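K.L.:
Please find one structure pasted underneath; my questions will follow.
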């Protein structure tokens, strides 16, 4: 009877292949999608985040007023309370501040600035961190030691202090006032500089695991140079955790920007972010004009909370061991 | 006396996933007698380790025992409340796993772990328990046990650690030992020593041993009887010599022929085409039918139940009376 | 070395620095620690044969494999393949030409394929890297051909590695190794992560491919039965050295070195021939502090003072004083 078993042709296909399904079918069948559908909170957070994004992008179409344009502001309309209060005036849904700026429009445009600083800051810190982490992890030795010691030193400075330092240095070098666009650049740079360590450490850790796997050995065997192996083989396999950090860091970057702006080293009043709006509103909190600070504050809180929830879910979904 | 130490009746284990219910164990029955070593062999995905866990009630959600009975010396244990089951497990069933470090606490000396276990299950004084622990270490072949007993687990080599685990499993003088791949992490030369030890212990203490492994060689050397598992079912069970040298089930035949031998030179190994099906795609009828060179229509629709043939029990339609009669007629 | 040898491994050594970091060493006043993973290994392989290195953990067999393919630079000694030295001052172009002819199959088929790449891209990578084919359609055909050669379907190329079983992944790894028309394939425990029935498929496939393509194998394994099935010649390693080297048949019929004998006795016997066996003694010592003289002496029933003092040279295919002095009688090869 054993002959019967042996008679199987050796080079015959193991099994008939089924064509790989298209990507969207694979996605709808994936564990991540299933875990997304299970969590109502995540769906709400995603909805809110997308809503904020959309509001920021479409601010020019939705907002009744362009708060960055001094010509549209009228001091006669200053300090109008929200529409539902007794003294409310249309179209100022959430009231106006002391310059006659519509709070609702200011929030939409401020959201735009906040998110822009957040995204650019994350992009900058992620690029810097991933690159340094890849190099440190792949080459090891002295290169690794130098990069990681710099990272250690960096970590001893709180992010906010680091950002204040960069901001101060740039301002003193540039001499006095910067244009709003330049300030935005400084913010992105200082936020990026204070958040890169986390990416570098995570990427380095993953790289050290991946580079000892045999698919990397196989790539080395065919004589591919190190940078090619790093970008083609290692990088795509270490990006999972980076996505999680980037999401959580987006919330952190927005908060940091808001803090800097609140402290007065961030966005100027001529191009306010959510943090700037809160700083402005802070001056009127005790004179009864609560809406000037409350609405930007609530917007910031909901935005950051939504992004954080999204990040938490992503971390759990990408790490099946935690479930 | 004729009562088996372990008796498993029509055991079912399921895993509930969002894609549906996966049947990891689909109705298996076997007995282990006092002093007997039952080898449970199979390839990955056959369900052999799940069987071991199910017997001691260590199936974690999303898995669950979906049916059947586990009877330990006449007492049904699969439906016990968790606390009672835990006591039974500690006192009457010893366990040995592939990685000795999962069974030993790295923070405590071996002496502390052994003495604590002995005192939980007996009413020995601590000095008597310590003496018993030293005796146990001597019995499992640890040199200078009176000195080594105060070492930490990491101070032992892999083979010695596995000996300590075996000593730990013996503490409560269990009726049954479940050894799940006990030698897989060890080198050949050390593996041979552990096999010899297990065999001797079963004989000396009359302990029933369920030896779960993928290594047919280990089974052939150690077991009295062997159960060959395939896709959550027992394909064939019988005395080890008969099953190894004269397997009946086509899968068992293929498996034996696939093992390269030290003794006999072969040009080609017997190969079974394909691989073990995933739990989510177990073929209807006989689970082995797509890989079986002898499969006929009945194999594709009707699941074969175990049939007694001489000393074997084999789950294959080829050995069914009707098939044999049909063949005789043809 | 003989003229016929295709691969020559000459007195290969590899030392690993396993010391603690500098600061810890200074504080704990510890010396630097070195591990001699491979300590003077020489062998040669003829074209078209399968040379196996067998040994237990810590024997250094995988380190030898990595040095032979050039993944790990040797501390001393050299590897020459078809007259070209692997390490040293060989110029880059020549080495790249040599690389095309040497490939490797790894132990763990789950780690040896990039999980984010489709199979066809994985197999095409060597073809592109060595510039063997330029045209995309040609490459696609070649990949399909390779997949068929290893028993898969050309359409399997569109799938990702996780869609395959362990045995199928090992087939893919073999297809990648063959993609550059390699002649010499180093196989590092190619079947030890696989089930027996799948192992049989892969071993049969490897032998078929050897017959068809005239491949030369360096086969690394801890499994003596697998080695017996595959190898034409075998080297037995213990703690970084080859203790015995001989033709496949002879090694199993008339093992000379006490370690080889012990190892053969230790293998669980499926044949159940009930042969008498010497009980195995002791465990492999810590390779950082190996025993003096012959490293096997603490476990050897024939060890004497000379064995504890002097490292035995590899003479007549065996490194053992007791054999050289005639203290051990060797069963005649049947």
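K.L.:
In the stretch B:175-274, what percentage of the DSSP-assigned beta bridges are antiparallel, given to the nearest 5?
P.N.:
Around 55 percent of the beta bridges assigned by DSSP in the stretch B:175-274 are antiparallel ones.
K.L.:
Modelled label-to-label distance, residue A:286 and residue C:160, 7 Å Cα→beta-carbon offset: nm?
P.N.:
Placing both labels 7 Å along Cα→Cβ, they lie 5.9 nm apart.
K.L.:
Using label points projected 7 Å from each Cα along Cα→Cβ, tell me how many nm separate residue A:98 and residue A:174, to one decimal.
P.N.:
If labels sit at residue A:98 and residue A:174, their model points lie 2.6 nm apart.
K.L.:
Show that you can apply the helix-only estimate: for chain A, add -39,500 (n - 2.57) for every DSSP H stretch of four or more residues, divide by all residues, and state [θ] at 222 nm to the nearest 500. List each step's numbers first, then the result.
P.N.:
Values: 14 runs with 219 residues, N = 323.
One gets -22500 deg cm²/dmol as the mean residue ellipticity at 222 nm.
K.L.:
Oh, and also: Could you give the distance between the Cα centres of the stretch A:290-317 and the stretch C:80-138, to the whole Å?
P.N.:
50 Å
K.L.:
Work out the P(r) tail for chain C: percent of alpha carbon pairs separated by more than 37 Å, whole number.
P.N.:
24 percent
K.L.:
Shifting gears a bit: Can you say what percent of the DSSP beta bridges in chain C, counting only those with both residues inside, are antiparallel? Round to 5. All intermediate terms of the calculation are to be shown ahead of the outcome.
P.N.:
On the way: 25 of 43 bridges.
Bridges in chain C that DSSP calls antiparallel: roughly 60 percent.
K.L.:
Could I ask something else about it? What is the antiparallel percent of DSSP beta bridges lying wholly in the protein assembly as shown, to the nearest 5? Don't jump to the answer; show the numbers that get you there.
P.N.:
Numbers: 57 of 93 bridges.
The answer is about 60 percent antiparallel.
K.L.:
Something else now. To the nearest Å, what is the center-to-center distance of the stretch C:171-209 and the stretch C:1-46, using C-alpha atoms only?
P.N.:
28 Å
K.L.:
Work out how much length residue B:125 to residue B:322 would gain on full extension: take 0.36 nm times their residue separation and subtract the Cα-Cα distance, in nm to one decimal.
P.N.:
Details: separation 197, 0.36 × 197 = 70.92 nm, distance 6.42 nm.
64.5 nm is the gain from fully extending residue B:125 to residue B:322.
K.L.:
Multiplying the sequence separation of residue A:116 and residue A:239 by 0.36 nm and subtracting their Cα-Cα distance, what value in nm do you get?
P.N.:
On the way: separation 123, 0.36 × 123 = 44.28 nm, distance 2.23 nm.
Difference between extended and current length: 42.1 nm.
K.L.:
Still on this model: Taking R0 as 45 Å, what FRET efficiency do you get between residue A:69 and residue A:30 from their Cβ-Cβ distance, rounded to the nearest 0.05?
P.N.:
Step by step, r from the Cβ atoms, then E = 0.45.
K.L.:
What are the semi-axes of the equivalent ellipsoid for the protein assembly as shown, taken as the square roots of 5 times the Cα gyration tensor eigenvalues, largest first, in whole Å? Kindly include the intermediate steps, with their values, before the conclusion.
P.N.:
Numbers: eigenvalues 716, 270, 201 Å².
Computed over the protein assembly as shown, the values are 60, 37, 32 Å.
K.L.:
List residues of the stretch B:37-74, by number, whose backbone nitrogen lies under 11 Å from a label position 7 Å along Cα→C-beta of residue B:21.
P.N.:
B:64-67
K.L.:
Same structure, new question: Most exposed first by the Cβ proxy, i.e. fewest other Cβ within 10 Å, how do B:230, B:251 rank? Kindly include the intermediate steps, with their values, before the conclusion.
P.N.:
Details: B:230 25, B:251 28.
Listed from fewest to most nearby Cβ atoms, that is B:230, B:251.
K.L.:
Then there's this: Report the residue, chosen from B:222, B:207, B:266, that carries the largest GNM mean-square fluctuation when chain B is represented by alpha-carbon nodes joined by springs under 10 Å.
P.N.:
Of B:222, B:207, B:266, the most mobile in the Gaussian network model is B:266.
K.L.:
Now for a separate question. Between residue A:127 and residue C:94, how high is the FRET efficiency from 1/(1 + (r/R0)^6) when r is the Cβ-Cβ distance and R₀ = 30 Å? Nearest 0.05. Before the final figure, lay out each step's value.
P.N.:
On the way: r = 38 Å, r/R0 = 1.27.
Computed FRET efficiency for residue A:127 and residue C:94 comes out at 0.20.
K.L.:
A follow-up question, please. Rounded to the nearest 500 deg cm²/dmol, what is the calculated helix-only ellipticity per residue at 222 nm for chain B, with -39500 (n - 2.57) per DSSP H run of length n ≥ 4?
P.N.:
Numbers: 12 runs with 116 residues, N = 330.
Result for chain B: -10000 deg cm²/dmol, rounded to the nearest 500.
K.L.:
Equivalent ellipsoid semi-axes for the stretch C:167-259, as square roots of 5 times the alpha carbon gyration tensor eigenvalues: give them largest first, rounded to whole Å. Could you put the intermediate results ahead of the total?
P.N.:
On the way: eigenvalues 125, 42, 31 Å².
Taking √(5λ) for each Cα gyration eigenvalue gives 25, 15, 12 Å.
K.L.:
A follow-up question, please. Between residue B:107 and residue C:82, what's the calculated FRET efficiency when r is the beta-carbon distance and R0 is 41 Å? Round to 0.05.
P.N.:
Values: r = 56 Å, r/R0 = 1.36.
Taking R0 as 41 Å, the efficiency between residue B:107 and residue C:82 is 0.15.
K.L.:
Something else about it: For the stretch A:133-203, what is the convex hull volume of the alpha-carbon atoms per residue, in Å³? Display every interim value, and only then the final one.
P.N.:
Values: hull volume 6.5 nm³, N = 71.
Given the Cα convex hull of the stretch A:133-203, per-residue volume reads 92 Å³.
K.L.:
A follow-up question, please. Just subtract the alpha-carbon distance of residue C:211 and residue C:75 from 0.36 nm times their residue separation and send over the number in nm, one decimal.
P.N.:
Working: separation 136, 0.36 × 136 = 48.96 nm, distance 3.51 nm.
Difference between extended and current length: 45.5 nm.
K.L.:
Follow-up question, since we're still on this one. Using Cβ counts within 10 Å as a stand-in for footprinting exposure, how do B:212, B:190, A:89 rank, fewest first? It would help to have the intermediate numbers written out before the result.
P.N.:
Details: B:212 27, B:190 24, A:89 13.
Sorted ascending by nearby Cβ count, the order is A:89, B:190, B:212.
K.L.:
Something else about it: Binning every alpha carbon pair distance of the stretch B:98-230 at 10 Å from zero, what are the percents per bin?
P.N.:
12, 44, 34, 9, 1
K.L.:
Need one number: nm distance between label points at residue A:182 and residue A:146, each 7 Å from Cα along Cα→Cβ, rounded to one decimal.
P.N.:
3.3 nm
K.L.:
Just want the ordering: A:24, B:312, from fewest to most Cβ atoms lying within 10 Å of their own Cβ.
P.N.:
Values: A:24 8, B:312 21.
Result, fewest neighbours first: A:24, B:312.
K.L.:
What is the Cα centroid distance between the stretch B:254-288 and the stretch B:35-90, reported in whole angstrom?
P.N.:
If you average the Cα positions of each part, the centres end up 27 Å apart.
Each reported figure results from applying straightforward, stated rules to the coordinates on display, with no laboratory input. Worth saying up front: this structure is predicted, and the values here are computed from it rather than measured. Cβ: placed from backbone, ideal geometry, glycine included. Neighbour counts: every protein chain shown.
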